[in-house]
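I have placed the structure first, in the form of structure tokens, so that the comments after it can refer back to it.
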Amino acid sequence: MPLHPTESRALGAYRERFGGEPEVLASAPGRVNLIGEHTDYGGGFVLPCAVGRRVAVAAGRGLPDEPGVLFSSDFGEARPLQSEPGADGGSSWADYPRGVVWALGEAGYEAGGFRAAFAGDVPLGAGLSSSAAVEAATVLALDRLFRLDLDRREAALLCRRAENGYVGVQSGILDQFASLMCREGEALFVDCRTLEARPVPLDLDRANLSLLVCDTNAPRVLAETGYNDRREVSERAAKTLGLAELRDASPGDLERLGGEELRRARHVVTENARVLRAVEALEGGDFREFGGLMYASHASMRDDYEISTPSHDAFVELAREAGALGARLTGGGFGGCAISLVPSENVDGLKQATFSRFAKLALPRPDFYTFLPAAGARVVPGQPSGQAEANGGAGR
């Protein structure tokens, strides 16, 4: 099996930095969420897929008296394994693998000292979840290196614990599940209450469709405060309805709400329904129905949840004009990415139209990434401690 470019770079970085061969080589992808936004913290449904950009780690056990070392070939810097969060002078890429080690310890697993070299090509700050890719690659490498025998679901929960409890980011489970559990040519349907997940067919290549991601590069000044506000109002709406979570609300329940609570709850209730319909559409091979649900999702985020930006709205409208089956904001909103499901022959035209329109509107120049649904995290066969087949369990 050929190495992904990031796997080759991590392997080379380990050899150059530490000498000799690593004992394990693992990698994990970034992700996009196809539909199901701001539903996770209400116990709802999401539908992400992995993308063809990855973070790789080459790792080996150090000498008994040697402190652990983390090296990033992308940043050209080494960081100590043992360190407190923020000790590097603020947030650091090294806090994510450190957090995984911390989460393993909190769960009763023993991971000793180790050396690791990281390399990645998941764009930073683009909403493609490079942090979850770092966590997922790290947990797979440590699982194999120290023979912890984790399964994928447990590994994902440990990665979320690392991000919540060590890094201090209150993310849901979507990113880690997608990075660890997705398969090539498929999306992943996740029930955020039960944590059940199952694959959904997404053969875009056969349908001559591409997933075009537009990083709007819009400043995300209000992202943190806006996210927290939306979550607070949604949880308040659930309490008004006497429900533990908006997952349990029906369209009829919305008649008992008003104002901001009504708008936020209406998005969540209709978005959960759209995810379920999207799964049915994809299982039936109906990409046109799926695309229509994407457009409806964006309208809901724009009008009811109010998390869109002029850049998002302009791209979605341009995608419609270019014949895209669907398009929507993806991620938390207030900036970041939008996606479109577009005939492959129309991709370049949509890019050029977006560059032109954004320039006329004095919007930031966007960046683009074209993806097909990619394989999830893997341990690369052929390393001394990595003989298991790729895409199996984390430890089996």
Near pairs, Cβ below 9 angstrom, 6+ apart or cross-chain, from segment 337-352 (in a strand (DSSP E or B) and at pLDDT 95 or above) to any residue that is open to solvent by 10 Å² or more (accessible area, probe 1.4 Å) and basic (Lys, Arg): SER340/ARG320
Pairs where the first residue, in segment 98-126, is under 19 Å from ALA156 (Cα atoms) and open to solvent by 40 Å² or more (accessible area, probe 1.4 Å) and the second is at pLDDT below 95 and of a type outside the set (D, E, K, R), C-beta under 6 Å, 6+ apart: TRP102/TYR166
Pick from segment 353-386, criterion of a type in the set (A, V, I, L, M, F, W, C) and outside any loop (DSSP other than H, G, I, E, B), ranking: farthest from SER308 (Cα to Cα): VAL379
Scan of segment 169-188 for residues that are open to solvent by 50 Å² or more (accessible area, probe 1.4 Å) and touching a residue at least 12 places away in the same chain (Cβ under 8 Å), ordered by number: VAL169, ARG183, GLU184
Residue check for ARG79: crowded, with 17+ Cβ neighbours inside 10 Å, under 24 Å from GLU21 (Cβ atoms), basic (Lys, Arg) and touching a residue at least 24 places away in the same chain (Cβ under 8 Å): no
Helices (runs of 4 or more DSSP H) fully within segment 128-213 counting 3 or more residues that are touching a strand residue (DSSP E or B) at 6+ places or on another chain (Cβ under 6 Å): 130-145, 174-181
Out of ASP149, ASP121, sole residue that is in contact with a helix residue (DSSP H, G or I) (Cβ under 7 Å, 6 or more places away or on another chain) and either over 16 Å from ARG378 (Cα atoms) or not β-branched (Val, Ile, Thr) (or both): ASP121
The lone exception for ARG153 - which of (1) under 30 Å from THR216 (Cα atoms); (2) touching a residue at least 24 places away in the same chain (Cβ under 8 Å); (3) among the basic types (Lys, Arg) it fails: (1)
Top-ranked residue in segment 189-222 [being open to solvent by 20 Å² or more (accessible area, probe 1.4 Å) and among the aliphatic types (A, V, I, L, M); ranked as modelled with the lowest pLDDT]: LEU222
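The values are calculated or read from the model by the stated rules, or taken from the named source; none is laboratory data. In this text, all values refer to a predicted model and were calculated from it rather than measured experimentally. Don't worry about glycine lacking a Cβ; one is built from the backbone with ideal geometry, like all the others, and counts go over all protein chains shown. Quick note on the areas: whole protein, heavy atoms, side chains included, nothing else; ligands and nucleic acids left out. Shrake-Rupley method; radii C 1.70, N 1.55, O 1.52, S 1.80 Å.
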